[in-house]
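Peer 1: Pasting in a structure now, in structure tokens, and then I'll have a few things to ask.
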Amino acid sequence: MHSWPHPHLPVLTETGLRPQLQDTATGRRFDPVVAGAAHLYVCGITPYDSTHLGHAFTYVAFDTLNRVWRDAGLEVRYVQNVTDVDDPLLERAEQTGVDWRELAADQVQLFRTDMQALRVLPPEHYIGVVESTDLVVSAVERLVAAGAAYRVDQDVYADLGADSRFGSVSNLDPETMSRFFAERGGDPEREGKKDPLDPLLWRGRRAGEPWWDGASLGPGRPGWHIECGALAEHYLGLPVTVEGGGADLIFPHHEMGTSHLRFLHPGDEEPIRGYLHTGLVAYQGTKMSKSLGNLVFVSGLLADGVDVRAIRMVLLAHHYSESWEYTDAELDEAGRRLGRWRAAVDATAATGGAHAQETSPPAAAAQTTPGSAVVQEMREALANNLDTAACLEVVDRAAARGPLAAEVITAIDALLGIELT
């Protein structure tokens, strides 16, 4: 599966700052990068009803991390999956009378188009589960061999009781775990399981459902949580620097996926160094949800003539960990903000560009300029756990003072993904 074209990414003259990130599991600020290599795994879409603003908020947030890491001179490897066979996709295909493969392909292409429009840096590996069933089969077979999985009829389940560290990602109480598991795709009522929370690793062949050769597992298809673990291990290697996604993936998806990886990567070191999770986006008083249908689509806004830079500004105006509610007023304000920034860029062109905002004497300018000071402020905001809202405010203040220095315009593109020229 291919991703989307890489947007131009300008390189600033000086190396930026490595961000301090707040780990979901521990709540601590830390820099998870070791030896200058940053390996990022972000859970991708299940391709139906893509791409609403909740999706876009997540992928723009991790695009910001990708940009900040690169600006800091780090070697970034980025992997994102596509769950292109799963119960919700199959159910939607049946409801609409569309072949599930056609539905998935159509929605994946829409997602690619939206990501390209938003100038999101593409992952080096953009991988669908359909093309990776061999990796999942191998991983499940290894879990069975390690005593961390068992059969229930033709299906295979993970034995969470074999993992003494289970629960350390989400830190939830058992009652909340049970509720979330039932709400988010689990099957706690399945007879024959050792524990109601044990997740499905391999679903044996059912009539009318797609299936693949599972070798010793028998014909069937992958479970959800093992998919990401198998891909992360194969394409990034373990431990992964940061795993990310929406906050609704903390449990059960990331909790259970990490549990699987502990048996695929035995030892004292955790298979994931840190977790980042984005807040949930609401609309009309309720979290945007495919089941509720209260979705605002990126493609719909673009079709209505909305400037994609304003859409990106709406998303960046909220800290990645914040849950918030989208309103048309937010989009209007983003349009006005974009207008102010563009006016400052136009003023830069009118005054000769490169020397805009440079009012210091030449000797002082050799050491620092107003423009470089603004760029440093932008970098400091983003190094503070990716505080994009604060970074936007830095640019607001610079634009209010007059023409923007050329290096600030470049930094806005490199760090925030907003091209103003």
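Peer 1: Is there a residue being assigned to a helix (DSSP H, G or I) and modelled with pLDDT of 95 or more anywhere in the stretch 118-126? Full working, then the answer.
Peer 2: Restricting attention to the stretch 118-126, the residues satisfying the condition of being assigned to a helix (DSSP H, G or I) are none.
The answer is no; no qualifying residue exists.
Peer 1: With GLY73, GLY44, GLY54 as the choices, which residue is assigned to a loop (DSSP other than H, G, I, E, B), crowded, with 20+ Cβ neighbours inside 10 Å and either more than 14 Å from the chain's Cα centre (by Cα) or touching a residue at least 12 places away in the same chain (Cβ under 8 Å) (or both)? Steps first, answer last, please.
Peer 2: Working: GLY73 fails: crowded, with 20+ Cβ neighbours inside 10 Å; GLY54 fails: assigned to a loop (DSSP other than H, G, I, E, B).
The match here is GLY44.
Peer 1: Does VAL108 count as buried (at least 16 other Cβ atoms within 10 Å of the Cβ) and β-branched (Val, Ile, Thr)? Reasoning before the result, please.
Peer 2: Values: buried (at least 16 other Cβ atoms within 10 Å of the Cβ): yes; β-branched (Val, Ile, Thr): yes.
Against the criterion (buried (at least 16 other Cβ atoms within 10 Å of the Cβ) and β-branched (Val, Ile, Thr)), VAL108 qualifies.
Peer 1: Follow-up. From the list ALA373, ALA405, ALA389, which one is farther than 21 Å from GLU419 by Cβ and among the aliphatic types (A, V, I, L, M)?
Peer 2: Values: ALA405 fails: farther than 21 Å from GLU419 by Cβ; ALA389 fails: farther than 21 Å from GLU419 by Cβ.
Being farther than 21 Å from GLU419 by Cβ and among the aliphatic types (A, V, I, L, M) holds for just one of ALA373, ALA405, ALA389, which is ALA373.
Table: residues versus (1) aromatic (Phe, Trp, Tyr); (2) assigned to a helix (DSSP H, G or I); (3) without any contact (Cβ under 8 Å) to a residue 60 or more places away in the chain.
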residue: ARG379; (1), (2), (3): no, yes, no
residue: LEU386; (1), (2), (3): no, no, no
residue: ALA389; (1), (2), (3): no, yes, no
residue: VAL395; (1), (2), (3): no, yes, yes
residue: ALA399; (1), (2), (3): no, yes, yes
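Peer 1: Right, another one. Only one of (1) of a type in the set (Gly, Ala, Ser); (2) under 26 Å from GLN80 (Cβ atoms); (3) in contact with a Phe, Trp or Tyr (Cβ under 6 Å, 6 or more places away or on another chain) is not met by ALA139, so which one is it?
Peer 2: Only one criterion is unmet by ALA139, namely (3).
Peer 1: Does any residue of the stretch 7-28 turn out to be over 17 Å from the mean Cα position of the chain (by Cα), within 19 Å of PRO222 (Cα to Cα) and surrounded by fewer than 18 Cβ atoms within 10 Å (Cβ to Cβ)? Talk me through it step by step, then tell me what you get.
Peer 2: Applying the first criterion (over 17 Å from the mean Cα position of the chain (by Cα)) to the stretch 7-28 yields 7-18, 20, 26-28.
So of that shortlist, the ones also within 19 Å of PRO222 (Cα to Cα) come out as none.
No, the conditions are met nowhere in the stretch 7-28.
Peer 1: Just to check your reading of the model, which residue among LEU338, LEU315, LEU382, LEU331 is touching a Pro at 6+ places or on another chain (Cβ under 7 Å) and either surrounded by 15 or more Cβ atoms within 10 Å (Cβ to Cβ) or modelled with pLDDT under 95 (or both)?
Peer 2: Details: LEU338 fails: touching a Pro at 6+ places or on another chain (Cβ under 7 Å); LEU315 fails: touching a Pro at 6+ places or on another chain (Cβ under 7 Å); LEU331 fails: touching a Pro at 6+ places or on another chain (Cβ under 7 Å).
From the options LEU338, LEU315, LEU382, LEU331, the qualifying one is LEU382.
Peer 1: Among the residues that make up the stretch 286-308, is at least one of them under 18 Å from the mean Cα position of the chain (by Cα) and outside the structural domain of THR26 (by TED's automatic domain parsing)?
Peer 2: no
Peer 1: To continue, here is another question. Could you say which residue among THR46, THR15, THR26 is assigned by TED's automatic domain parsing to the domain that holds GLY246, out of contact with any Leu (no Cβ under 7 Å at 6 or more places or on another chain) and hydroxyl-bearing (Ser, Thr, Tyr)? Explain how you work it out, then say what you get.
Peer 2: Details: THR46 fails: out of contact with any Leu (no Cβ under 7 Å at 6 or more places or on another chain); THR15 fails: assigned by TED's automatic domain parsing to the domain that holds GLY246.
Criteria check complete, one pass: THR26.
Peer 1: What is the residue count in the stretch 188-204 for residues that are among the charged types (D, E, K, R) and either within 17 Å of ASP84 (Cα to Cα) or surrounded by fewer than 14 Cβ atoms within 10 Å (Cβ to Cβ) (or both)? Please lay out each step first, then the result.
Peer 2: Step one: of the stretch 188-204, the residues among the charged types (D, E, K, R) are 189-191, 193-195, 198, 203.
Next, only the ones that are either within 17 Å of ASP84 (Cα to Cα) or surrounded by fewer than 14 Cβ atoms within 10 Å (Cβ to Cβ) (or both) stay: 189, 191, 195, 203.
So the count comes out to 4.
Peer 1: OK, next. Which of (1) in a loop (DSSP other than H, G, I, E, B); (2) free of Cβ contacts under 8 Å to residues at least 12 places away in the same chain does GLN95 not meet, given it meets every other one?
Peer 2: Just one mismatch for GLN95, condition (1).
The values are calculated or read from the model by the stated rules, or taken from the named source; none is laboratory data. For clarity, every value in this text was computed on a predicted model and none was experimentally measured. Neighbour counts are summed over all protein chains in view; Cβ atoms, including those assigned to glycine, are modelled from backbone coordinates with ideal geometry.
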